[in-house]
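Here the structure comes first, spelled out in structure tokens, and everything after it is commentary.
The values are calculated or read from the model by the stated rules, or taken from the named source; none is laboratory data. Everything numeric in this text was worked out from a predicted model, so none of it was measured. FYI the Cβ positions are ideal-geometry reconstructions off the backbone, even for glycines, and counts take in every protein chain you see.
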Amino acid sequence: MSDSHILHCVQVKKLLKKENPAFPFGGKYRFSPYMACGHRCTYCDGRYEKYHVEGDFDHDITVRENAPELLEKELLKLREPGPICISSGISDPYQPVEKKLQITRECAEVLSRFNHPVIVHTKSSMILRDIEHWEEVHRRSAFTLMISLTMADDSFRSRVEPGASSVEERLKTLAEFRKRGMNAGILAMPFIPYLTDSREQMEELLTALKKTGVQFAMPGLLTLKKGRQKDFFLNSFKKEYPDLIEKLAALFSNEDFYGSPPRGYSHSFHSRMDSLWKEFEMDDLIPHCVYHGQFSLYDEISILLRDMIILYGKQGTRVSRLKTASQKFSAWLTPRKTYYARRRNLDYSALEQEIKALATSGELTKVLGNEKLAEFLFGIINGAVLNYQTLKPDARNESLQRTIVGTKS
């Protein structure tokens, strides 16, 4: 741990935050042992004022020192199933101070005694220290590692992510988790305009990733929100990349509320990205095979319908009927979830049984207003997994495959 870090130890009253809606990136529940981060990434969105991180973001680290104890208590009280995600947009669970404090390690020990799936976001190879705990989590339920990485050239990395693990260390970490049978992918974000987002650089990254066996790479462009985050980034680039500063300042001069670059630049980036990801057969969404079985059946269906809208839309397929069916499913589901939430004596598994009964009886068609989609979901409920590359279900047996093939909406 660097002596330059100032630790602010706190006792929190509540740890787990329920995600709404649930989805594979952030799980069903989320927490972070720390606030602020010693990785010193120049682009970090966590510097934005509205996240209320006080002090020097790179050095004033808030430590939720009772996180492991509180985690165990709250896990025992959870009623709804779903993955626990250790992540934060303003921190990293395996940042440098974790080497000495081991708060995340203690949380890993707690989670290894429960049957909840776990997701971890990090850009540190330090997670290898705890791999036995995560392997036990995977044996009991499922574990998914998501490492942030957008470049294959470590000379770039050392300038914009000076406190994080090297590219080689991260690639080795991904390969080791995949070797042990755990899920792993990358959060390929943020790609920095003019620096790391060229076709050649993305192709180099994907080539390196393919060797590790990762299952997905979720891409995203840099966003610079007006204020502390944008000012810090541009000032940092004056020193490291003086030739690029004018182009970057001009690109982000539109003062977009979310800090996004102009639509024209974003469109050009996504065109390059879509072409390359297709060429490398790399999923840009977390695929169904990764999150299948980790969520409640109703959450899994909701996630799947959302992803199908995106995937079919990219193919140029009309998705209006699929959107309508997704809305109808949400309208059916929402009051039922509210009912179960207010009656703590009820088990959410009864809601899953209700969906299965609808699918078996054919009543799911009435809920969705779409017969082919209901047939497709019948297959999913019975164990089929949608392949996000082919958009065809991988079924467990031939009869099930015959039932659900050709159900494209």
Check: Which of (1) out of contact with any Ser or Thr (no Cβ under 8 Å at 6 or more places or on another chain); (2) among the hydrophobic types (A, V, I, L, M, F, W, C); (3) more than 22 Å from SER87 (Cβ to Cβ) is the odd one out, the single condition PHE237 does not satisfy?
Finding: (1)
Check: Taking into account only those residues within segment 351-392 that are in a helix (DSSP H, G or I) and charged (D, E, K, R), which is farthest from GLN215 (Cα to Cα)?
Finding: LYS366
Checklist line | Whichever residue in segment 201-221 is closer than 15 Å to THR144 by Cα and β-branched (Val, Ile, Thr) and, among such residues, is nearest to the chain's Cα centre (by Cα) | finding: VAL214
Next item on the list: Output the number of residues of segment 180-200 satisfying the condition of being charged (D, E, K, R) and more than 21 Å from the chain's Cα centre (by Cα).
Entry: 2
Note to self: Of everything in segment 44-62, what is of a type in the set (Ser, Thr, Tyr) and out of contact with any strand residue (DSSP E or B) (no Cβ under 6 Å at 6 or more places or on another chain)? Give them in sequence order.
What the structure shows: TYR48, TYR51
Note to self: Out of LEU70, LEU111, I need the residue that is surrounded by fewer than 23 Cβ atoms within 10 Å (Cβ to Cβ) and either under 19 Å from ALA164 (Cβ atoms) or in the same structural domain as PRO24 (by TED's automatic domain parsing) (or both). Which one?
What the structure shows: LEU70
Notebook entry, point to check: What residue, among those in segment 143-179 that are aliphatic (A, V, I, L, M) and in contact with a His (Cβ under 9 Å, 6 or more places away or on another chain), is surrounded by the fewest Cβ atoms within 10 Å (Cβ to Cβ)?
Noted result: LEU145
Next item on the list: Could you list all residues from segment 248-297 that are surrounded by 14 or more Cβ atoms within 10 Å (Cβ to Cβ), out of contact with any strand residue (DSSP E or B) (no Cβ under 8 Å at 6 or more places or on another chain) and charged (D, E, K, R)?
Entry: ASP256, ARG272
Next item on the list: Would you kindly identify the helices (runs of 4 or more DSSP H) lying entirely within segment 86-161 that contain at least 1 residues that are in contact with a Leu (Cβ under 7 Å, 6 or more places away or on another chain)?
Entry: 103-111, 131-140, 154-160
Notebook entry, point to check: Is at least one residue of segment 73-82 in contact (Cβ under 8 Å) with a residue 12 or more places away in the chain, more than 25 Å from PRO287 (Cβ to Cβ) and surrounded by 17 or more Cβ atoms within 10 Å (Cβ to Cβ)?
Noted result: yes
Notebook entry, point to check: Of GLU69, GLU65, which residue is under 13 Å from PRO33 (Cβ atoms), of a type in the set (Asp, Glu) and touching a strand residue (DSSP E or B) at 6+ places or on another chain (Cβ under 7 Å)?
Noted result: GLU65
Next item on the list: Kindly provide the set of residues from segment 111-159 that are among the charged types (D, E, K, R), free of Cβ contacts under 8 Å to residues at least 60 places away in the same chain and within 17 Å of ASP92 (Cβ to Cβ), ordered by number.
Entry: ARG129, ASP130, ARG157
Next item on the list: Kindly indicate the residue of segment 257-291 that is touching a residue at least 24 places away in the same chain (Cβ under 8 Å) and acidic (Asp, Glu) and also farthest from LEU391 (Cα to Cα) among those meeting that condition.
Entry: ASP274
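Residue by residue, here is whether (1) exposed (fewer than 14 other Cβ atoms within 10 Å of the Cβ); (2) over 19 Å from ILE309 (Cα atoms); (3) of a type outside the set (Lys, Arg) holds:
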site	(1), (2), (3)
LEU333	no, no, yes
ARG336	no, yes, no
LEU351	no, yes, yes
ILE355	no, yes, yes
LEU358	no, yes, yes
THR365	no, no, yes
GLU371	no, no, yes
Margin query: Restricting to segment 107-135, give me the number of residues that are acidic (Asp, Glu) and either closer than 17 Å to SER87 by Cβ or touching a strand residue (DSSP E or B) at 6+ places or on another chain (Cβ under 9 Å) (or both).
Written below: 2
